[in-house]
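Below is one structure, written out as structure tokens; the observations come after it.
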């Protein structure tokens, strides 16, 4: 069956996208689909998903430490205080994706979020988590959507509050990465695994 879970070199069944590199295996097994809570942690994921737009996720994953160093570990309050000279520094930083629009959005989003109450971003994002009992468990990659009604609603809610670079597809990737939905395939060993239970 095309797009079904596949056994890796270790014999463990995983979502097929996870098997192309060791970086993907680790990310798939230990992070993707696991609940992420906290404003700064969610801000990081929101930023990384925005930077990924139009690129391969592995490109972002391999630069993640560079992103963390460049953006003050994605501490909202610190990034909100970045100046024009910080923006110029970021545009010259080879450790990140040097896309002006994405960098500007990352800084602008931090400034917006700095005015929110503690926990408000977490509460807003998680309020769009669908009821897992109502979602069919994907058997193949073809069963995994790119956009859902919930991701479209989340995108609209974030944009209405001034957050940039978060369309419905990016919002759904965020939902997958942060455990709002579990899109590990039915036969995948990571589905409802010990760290996600």
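Quick note: the coordinates plus some simple rules give every number you see, no bench work behind them. Not measured: the values here are computed from a predicted model. Note: ideal-geometry Cβ built from the backbone for every residue, glycine included; neighbour counts use all protein chains shown.
Before rounding to the nearest 500, sum -39500 (n - 2.57) across all DSSP H runs of length at least 4 in the chain and divide by the residue total; then give [θ] at 222 nm in deg cm²/dmol.
So the helix-based figure for the chain works out to -13000 deg cm²/dmol.
Rank by packing, highest mean first: peptides 20-31, 61-72, with packing defined as the count of other Cβ atoms within 10 Å averaged across residues.
Details: 20-31: 15.1, 61-72: 16.6.
Those peptides, ordered most packed to least, come out 61-72, 20-31.
Which value results when the Cα radius of gyration for the stretch 39-177 is divided by 2.2 N^0.38 Å?
Dividing the Cα radius of gyration by 2.2 N^0.38 Å gives 1.07.
At q = 0.15, 0.20 Å⁻¹, what log₁₀ I(q)/I(0) does the stretch 24-95 have when each alpha carbon counts as one equal point scatterer in the Debye sum?
Listed by q, the Debye log ratios stand at -0.55, -0.95.
Can you give the FRET efficiency to the nearest 0.05 for residue 142 and residue 69, using r as the Cβ-Cβ distance and R₀ = 41 Å?
0.60
Restricting to Cα pairs below 8 Å that are 6+ residues apart, what does the relative contact order work out to for the stretch 39-177? Please round to a whole percent.
On the way: 133 pairs, mean separation 37.5, N = 139.
Averaging sequence separation for qualifying contacts and normalising by length gives 27 percent for the stretch 39-177.
Suppose we look only past 17 Å in the calculated P(r) of the stretch 133-197. What percent of the Cα-Cα pairs does that tail hold?
I get 45 percent for the Cα pairs in the stretch 133-197 exceeding 17 Å.
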